[in-house]
1. Take the residues in region 505-519 that are aliphatic (A, V, I, L, M) and farther than 17 Å from PRO173 by Cβ, then tell me which one is surrounded by the most Cβ atoms within 10 Å (Cβ to Cβ).
2. Which residues, counting only those in region 447-486, are farther than 17 Å from MET503 by Cβ, at pLDDT 90 or above and crowded, with 21+ Cβ neighbours inside 10 Å?
3. Can you name the helices (runs of 4 or more DSSP H) wholly within region 72-183 that have at least 1 residues being surrounded by fewer than 17 Cβ atoms within 10 Å (Cβ to Cβ)?
4. Taking the stated definitions as given, is ALA329 aliphatic (A, V, I, L, M), out of contact with any Leu (no Cβ under 7 Å at 6 or more places or on another chain) and at pLDDT 95 or above?
5. Regarding region 335-351, can at least one residue be identified that is surrounded by fewer than 17 Cβ atoms within 10 Å (Cβ to Cβ) and of a type in the set (Lys, Arg)?
6. If the requirement is being under 21 Å from VAL43 (Cβ atoms), basic (Lys, Arg) and over 22 Å from the mean Cα position of the chain (by Cα), which of these qualifies: LYS543, LYS510?
7. Being in contact with a Gly (Cβ under 6 Å, 6 or more places away or on another chain), assigned to a helix (DSSP H, G or I) and of a type in the set (S, T, N, Q), is that true of even one residue in region 421-431?
8. How many residues does region 265-277 hold that are touching a helix residue (DSSP H, G or I) at 6+ places or on another chain (Cβ under 8 Å) and either within 19 Å of GLU222 (Cα to Cα) or hydrophobic (A, V, I, L, M, F, W, C) (or both)?
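The values are calculated or read from the model by the stated rules, or taken from the named source; none is laboratory data. Please read these numbers as outputs of a predicted model, since none were measured by experiment. Glycine also receives a Cβ, built like all others from the backbone with ideal geometry; neighbour counts cover every protein chain displayed.
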Amino acid sequence: MKNGVNANRSRMAKVVGSALAAVLIGTVVSGSGTQAASRPAAVKTGGFITVAIDGGVGGHCFQNALAGGALGSSRSMFEQLFERTNKGKFVGHLAESATTTDNKVWNIKLRAGIKYSNGEAFNAANVKQNIDIGRGDVDPTFGYLGTGVAVNANIYSVEVVDDLNLKVTLDRPDQALPALIYRAGRYVMRAPAQIANPKTCVTNPIGTGPFMLKSFTTDLTEVVRNPNYWRKDKNGVQLPYLDGITFINVKEASQRAAAVRKGTVDAAFFTQGDATFTQDLLNRKKDVTGYLSTPTAYGQWMPNVGKKDSPFKIKSCRLAAAHALDWNAYNKVRLKGTGSVSGSLVGKENPMYTLKGAPKFDIAKSKEYQVACNAALGAAGPMKLTLYADSSSQSLNNVKFIRQMFDKAGIATNEILQAESTILISKIYAAGGNAYDFAQGTPAEGASPAYVAPFFMSKAFPTGSTNPILTRLGAGLVGRFGIIIALGNHGDTKVDDLTYAAMAEKDPAKNKAAWQAVTAYLQAEGYAIPAVHGGFKVFTSNKSKLKGVGTLPLPGGGLAETVETKGLEWTGVSKG
């Protein structure tokens, strides 16, 4: 398994019947090349590729919470201030640097000479506009409010110093601001022209990225080379190398696997849950080349304490569910052993890792907690849960396995709710909080706590905060959007206190202990249930013979993760 990937030219349309089907309606164009460790002196530029992704693209504006292949298709047009290297270091991208003396006031210095694909200048005023809108400092009627209100709640103010410098002041000290702004590839910069029209912002992406939009629907996105792109390779060749990419929604993993195996698409994106098909592809080395992300997509199931009439308001009910889940069995059967079960909310590479308070699979203990749970529920008992699945059959089968584990422990479940991923995401990250009994696998990700801890807090704005966004939004909107990423909606401010203490701790040894205290408390209280950790895979058709996957250095130094939350970085990929 390698660390990168690419694709080839074809068209696809969706046919919706009793099951989702993808029908090829175009031509495959093969290239030549290899996955080499070093790039030749001259690179052949040009050519188009096609990538099969795992879901529809809801849009490209601030309020659109994208994941997986959908995020990757959008990110082909956008970039962000910071990137994460394959060594876990956060480096400047559109920004040159971020510096601070007290972890509370930060200076962000931007790179000069960058333009958006429409020719507009990228500068400090535009970055302030992006950050301010993302954190909720915008007219609510624009409809831009989304997860960023909660994620960015610690940003007190953003000031333009000059054309290339900004001063960002935080409400509370945070020694990992670049890691938070990285946001697993989601904190992208948008052009003023895109931002100016809330009616078209979703469908009119304008970024600084290597590609720009040609056409867009939920299920098919075409991008072409950005003529204003700011980067060149080490030999002075203008990036990107490719002329364009077509991203196609092929919901069923079996169809994605068949398409890349046969070469009717150049590349296909897969999640950890698609292991049945990715394991088969790994054995087909004559047909495909596979690339694997590092296992820093941390899986947790988060009981929704705040949902109306939820049994999870009661600690014994949460622990009954936690002890009923055998994640080692799930990993072995459903994921074919491709996942990682650390026993903690995060993997060992994250400072938050600890086994303290972590529940282990134990049906007898689950049943003991069920007795206490149902006694506390009284007439509202016994405890009964609803699980949900994506509209793909693979997702449904994965969730059925979870339901069988609850059945064995004696925990009743309703019929599985199945819906398109974009619908599920919108209801999980809904204003006012998660709509379901669980958050079945949070997006907590990365070797830094920065994009892990926010999802476990009780609310975004701490009691007593003087952040001016509170006044700007008003109590009603703050109440709705302030818990949009508090997926468990537990309301326990001790989690917040422990998190703020860890964020501010400068001593490395004490900092790690402080983060472990956060995890231990969450696990012991059953606010989050450790599950399977994993990553993502991309396979390329060997017929496509693409070069340069994962080999283009980042402007800030080092190499990016070849496969991460968003899939591949396409800037340095070429056809032979």
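1. In the first step, residues of region 505-519 are kept if they are aliphatic (A, V, I, L, M); the result is 509, 513-514, 517-518.
Keeping just the survivors that are farther than 17 Å from PRO173 by Cβ gives 509, 513, 517.
Values: ALA509: 8, ALA513: 13, ALA517: 18.
Selected residue: ALA517.
2. Matches in region 447-486: ILE469 only.
3. On the way: elements: 124-134, 148-151, 177-182.
Once the helices (runs of 4 or more DSSP H) in region 72-183 are filtered for at least 1 residues that are surrounded by fewer than 17 Cβ atoms within 10 Å (Cβ to Cβ), what remains is 124-134.
4. Values: aliphatic (A, V, I, L, M): yes; out of contact with any Leu (no Cβ under 7 Å at 6 or more places or on another chain): yes; at pLDDT 95 or above: yes.
Spelling it out, ALA329 is indeed aliphatic (A, V, I, L, M), out of contact with any Leu (no Cβ under 7 Å at 6 or more places or on another chain) and at pLDDT 95 or above.
5. Yes: one or more hits.
6. Values: LYS510 fails: under 21 Å from VAL43 (Cβ atoms).
Exactly one of LYS543, LYS510 is under 21 Å from VAL43 (Cβ atoms), basic (Lys, Arg) and over 22 Å from the mean Cα position of the chain (by Cα), namely LYS543.
7. Going through region 421-431, the residues in contact with a Gly (Cβ under 6 Å, 6 or more places away or on another chain) turn out to be 421-422.
Pick out the ones that are also assigned to a helix (DSSP H, G or I) and you get 421-422.
The next check asks that each one be of a type in the set (S, T, N, Q); those that pass are 421-422.
Checked against the condition, which is being in contact with a Gly (Cβ under 6 Å, 6 or more places away or on another chain), assigned to a helix (DSSP H, G or I) and of a type in the set (S, T, N, Q), region 421-431 yields at least one hit.
8. Kept after step one, since they are touching a helix residue (DSSP H, G or I) at 6+ places or on another chain (Cβ under 8 Å), are these residues of region 265-277: 265-271, 273-274, 276-277.
Filter once more, so that each one left must be either within 19 Å of GLU222 (Cα to Cα) or hydrophobic (A, V, I, L, M, F, W, C) (or both): 265-270, 277.
Of the residues in region 265-277, 7 are touching a helix residue (DSSP H, G or I) at 6+ places or on another chain (Cβ under 8 Å) and either within 19 Å of GLU222 (Cα to Cα) or hydrophobic (A, V, I, L, M, F, W, C) (or both).
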